[in-house]
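The structure appears right after this line, and notes come after that.
The values are calculated or read from the model by the stated rules, or taken from the named source; none is laboratory data. Note that the structure is predicted; figures quoted are calculated from it, not measured. When we count neighbours, we look across all protein chains shown, and the Cβ atoms used for this are built from the backbone with ideal geometry, even at glycine. Heavy atoms of the whole protein, side chains included, go into the accessibility calculation; ligands, DNA and RNA do not. Shrake-Rupley method; radii C 1.70, N 1.55, O 1.52, S 1.80 Å.
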Amino acid sequence: MRPRRAFAPVAALLTAFLLTGCGAVGRVTSGDASQGKQLFTGKCASCHTLADAKSTGTIGPNLDDAFSSDKEQGFSEQTMADVVRGQIAYPEEPMPPNLVEGSDADDVSTYIAKCAGNPNCGVTAASSAPPASAGGGQTTTSGGGGGGAQAVDGKAVFAKASCGGCHTLKAAGASGNVGPNLDQLKPSQDAVDRQVTNGGGGMPAFKGQLTPAEIQAVAKYVADSAGK
């Protein structure tokens with residue numbers, strides 16, 4: 001699978017948006033880069049490379065390459081955020097529509113504008129983790145065998161890793177068409193585990209991005225849910 005071409009220069013893209021009416025999406029007047037980094041990691045990292053987010057996706061443009069030269073030329077973060085916001089609002093295939101909307105899209109645009117081309121831009125991702133239990137009791141594992149490990153929800157991992165942006169899986173409400181249709185493929189748990197871990201065929205490796213328990217959980221979820 002060939003990766004998508006890189007973004008055109010920022011000035012050309014901004015002009016195109018204004019001429020075609022895409023500027024109607026509005027300028028990015030506010031945005032939380034920390035929230036944007038969290039959203040980027042969950043929804044965009046599987047397709048895009050951005051060093052600060054430690055993402056190495058190759059399906060979409062390399063965002064470091066796309067914007068680093070524009071920063072060197074003195075383009076403002078405001079201009080770059082507006083360009084990213086337009087791309088999110090009016091995506092080109094294979095990028096799915098409505099991946100993030102409203103203030104979430106502003107947050108992602110702000111984060112990319114700030115951190116593209118800067119592998120250590122200083123933004124810490126906002127945490128969405130639930131507070132730790134005050135009771136200190138045991139939780140069950142995803143396999144239902146007891147013990148002290150936290151249960152891992154494979155469906156939640158599927159959403160976290162933005163698998164639905166590339167794959168169709170009816171059980172997850174996903175209709176992506178970049179990668180294989182999982183309902184038709186009906187892969188085994190071992191096959192999904194290997195593919196998610198190592199990547200290949202245009203899909204990035206999630207080893208190091210997801211924990212082994214998360215990979216095992218999403219592999220089981222896909223194998224159990226595909227075609228149902």
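At a glance:
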| item | result |
| --- | --- |
| Candidate set: segment 110-120, residues that are outside any helix (DSSP H, G or I) and in contact with a Phe, Trp or Tyr (Cβ under 8 Å, 6 or more places away or on another chain); chosen: the one farthest from G26 (Cα to Cα) | G117 |
| Pair list, Cβ under 7 Å, 6 or more apart: segment 173-188 residue over 16 Å from Y221 (Cβ atoms) and open to solvent by 60 Å² or more (accessible area, probe 1.4 Å), other residue part of a strand (DSSP E or B) and not acidic (D, E) | S175/T168; N177/T168 |
| Cβ-Cβ under 7 Å pairs, at least 6 apart or on other chains, segment 66-77 side free of Cβ contacts under 8 Å to residues at least 60 places away in the same chain, far side open to solvent by 50 Å² or more (accessible area, probe 1.4 Å) and not in a loop (DSSP other than H, G, I, E, B) | E77/K114 |
| Unique residue being part of a helix (DSSP H, G or I) and under 15 Å from the mean Cα position of the chain (by Cα) when the list is D107, D82 | D107 |
| Residue count, segment 159-172 (criterion: part of a strand (DSSP E or B) and either closer than 20 Å to S55 by Cβ or open to solvent by 20 Å² or more (accessible area, probe 1.4 Å) (or both)) | 1 |
| Single residue of P61, P91 found to be buried (at least 18 other Cβ atoms within 10 Å of the Cβ), within 17 Å of the chain's Cα centre (by Cα), farther than 12 Å from K37 by Cβ and modelled with pLDDT under 95 | P61 |
